[in-house]
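See structure below.
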Amino acid sequence: VCIRGTYGAGLVGRAWGRRHFDAQLLDEAARAGADVRTSVRVQAPLRGRAGRVDGVCVRLAGGREERIAARWTIAADGRRSTLALALHLTAHPVRPRRWAIGTYAEGVDGLGAYGEMHVRAGHYIGVAPSAEGLTNLCLVTARREHISDPAARLWEAVRRDPMLRDRCAHARQATAVVTLGPLAVDAGAVGVPGVLLAGDAAGFVDPMTGDGMHIALRGGLLAADALLAGSASDDADVLAYLSAARRAAFGAKLRFNRVLRTLVGWPMGVRLGAVGATLAPAVLRHVIATAGDAVRERRGASAA
């Protein structure tokens with residue numbers, strides 16, 4: 001069953017390599033006045049009175065350690081956040097547990113202006129046209145025992161897939177294969193006194209819905225808002241502000257994501273989805289728009 005869905009209202013997606021995207025974010029931060037330091041790795045939180053976090057300990061490129069004091073630290077250091085793990089704020093849920101294997105490839109045929117999600121029993125494969133003529137290929141699977149050789153597992157899945165094997169017959173791997181997993185990360189709190197979580201450090205969802213970047217960037221803005229809300233001197237107020245803001249921004253969406261990733265991980269759910277898409281394709285198109293946050297955007301535009 002094949003369904004083509006658009007976000008509607010003239011909205012489109014963009015495929016932009018992280019190499020370029022991250023560089024622009026860094027440049028914008030420096031232009032806004034941030035003191036940018038590269039080749040610095042956070043080692044641990046600095047504990048102050050009553051266990052409050054009063055900054056971080058970092059290791060510089062030459063190996064020397066430095067203590068950086070701060071009234072508040074925003075931990076935006078990824079799904080394996082050093083600070084979030086040290087403060088026992090995040091954990092991998094028992095299920096679902098999935099691993100992602102991805103690369104960029106040349107020579108993939110049949111690409112258009114749409115991203116593709118090929119959902120199969122036990123795994124799914126994302127295919128997205130990207131900049132510089134490359135294609136992002138990503139396999140997400142729940143079977144860890146099958147990824148001892150990630151590159152071989154990815155290409156085996158692609159070249160055995162009935163919809164992709166002919167299109168990838170002459171494809172060539174253009175970048176190293178990257179493996180991540182377990183993917184999902186749940187955060188038990190938005191932070192502790194002295195530390196706020198943002199980006200993937202505040203929780204990472206299955207990439208099925210393709211909105212991890214939106215959630216990460218929006219989460220960073222919300223953390224900044226919490227510190228600029230006029231109550232930064234009171235730890236409890238800051239944490240309560242951010243917690244309420246994240247619930248309002250992401251609560252319904254994360255519940256939607258969890259339901260969707262559960263259905264995709266259930267063989268009967270995949271079959272029922274195929275039947276539903278055949279009988280009511282408009283429902284699946286609505287799901288696609290919801291996954292892309294386009295439904296909320298349209299409501300916001302009409303309300304304005």
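Tabulated data
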{"read-out": "Residue under evaluation Val56, criteria (1) part of a strand (DSSP E or B); (2) touching a residue at least 60 places away in the same chain (Cβ under 8 Å); (3) under 24 Å from Arg218 (Cα atoms), criterion not met", "value": "(2)"}
{"read-out": "Unmet requirement for Val94, which otherwise passes all of (1) part of a helix (DSSP H, G or I); (2) modelled with pLDDT under 90", "value": "(1)"}
{"read-out": "The range 107-146 - residue that is over 20 Å from Val205 (Cβ atoms) and in contact with a helix residue (DSSP H, G or I) (Cβ under 7 Å, 6 or more places away or on another chain) and, of those, modelled with the lowest pLDDT", "value": "His146"}
{"read-out": "Total residues in the range 117-174, condition open to solvent by 20 Å² or more (accessible area, probe 1.4 Å) and aromatic (Phe, Trp, Tyr)", "value": "1"}
{"read-out": "Unique residue being at pLDDT 90 or above, over 19 Å from Gly194 (Cβ atoms), open to solvent by less than 60 Å² (accessible area, probe 1.4 Å) and small (Gly, Ala, Ser) when the list is Ala29, Ala44", "value": "Ala29"}
{"read-out": "Those residues of the range 1-26 which are assigned to a loop (DSSP other than H, G, I, E, B), open to solvent by less than 70 Å² (accessible area, probe 1.4 Å) and under 20 Å from Ala216 (Cα atoms), in sequence order", "value": "Gly13, Ala15, Gly17"}
{"read-out": "Number of the condition not met by Gly199 [criteria: (1) out of contact with any helix residue (DSSP H, G or I) (no Cβ under 7 Å at 6 or more places or on another chain); (2) buried (at least 16 other Cβ atoms within 10 Å of the Cβ)]", "value": "(1)"}
{"read-out": "Residue check for Ile68: touching a Cys at 6+ places or on another chain (Cβ under 9 Å), among the aliphatic types (A, V, I, L, M), within 23 Å of Gly191 (Cα to Cα) and open to solvent by 30 Å² or more (accessible area, probe 1.4 Å)", "value": "yes"}
{"read-out": "Matching residues in the range 175-196 - criterion: being open to solvent by less than 50 Å² (accessible area, probe 1.4 Å), at pLDDT 85 or above and either under 19 Å from Leu85 (Cβ atoms) or of a type in the set (Lys, Arg) (or both)", "value": "Ala187, Ala189, Val190, Gly191, Val192, Gly194, Val195, Leu196"}
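Residues checked against (1) in a loop (DSSP other than H, G, I, E, B); (2) touching a Cys at 6+ places or on another chain (Cβ under 6 Å); (3) under 23 Å from Gly17 (Cα atoms):
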{"position": "Ala128", "(1), (2), (3)": "no, no, yes"}
{"position": "Glu132", "(1), (2), (3)": "no, no, yes"}
{"position": "Asn136", "(1), (2), (3)": "no, no, yes"}
{"position": "Leu139", "(1), (2), (3)": "no, no, yes"}
{"position": "Ala151", "(1), (2), (3)": "no, no, yes"}
{"position": "Ala157", "(1), (2), (3)": "no, no, no"}
{"position": "Met163", "(1), (2), (3)": "yes, no, no"}
{"position": "His170", "(1), (2), (3)": "yes, no, yes"}
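Per-residue answers, yes or no, for (1) modelled with pLDDT of 80 or more; (2) buried (at least 18 other Cβ atoms within 10 Å of the Cβ); (3) assigned to a helix (DSSP H, G or I):
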{"site": "Met208", "(1), (2), (3)": "no, yes, yes"}
{"site": "Leu217", "(1), (2), (3)": "yes, no, yes"}
{"site": "Ser233", "(1), (2), (3)": "no, no, no"}
{"site": "Arg247", "(1), (2), (3)": "yes, no, yes"}
{"site": "Asn257", "(1), (2), (3)": "no, yes, yes"}
{"site": "Thr262", "(1), (2), (3)": "no, no, yes"}
{"site": "Arg296", "(1), (2), (3)": "no, no, yes"}
{"site": "Arg299", "(1), (2), (3)": "no, no, yes"}
{"site": "Ser302", "(1), (2), (3)": "no, no, yes"}
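The values are calculated or read from the model by the stated rules, or taken from the named source; none is laboratory data. Source: prediction; values computed, not measured. Glycine gets a Cβ as well: all are built from the backbone with ideal geometry, and neighbour counts include every protein chain shown. Just the protein is used for accessible areas: all its heavy atoms, side chains included, with ligands, DNA and RNA removed. Shrake-Rupley method; radii C 1.70, N 1.55, O 1.52, S 1.80 Å.
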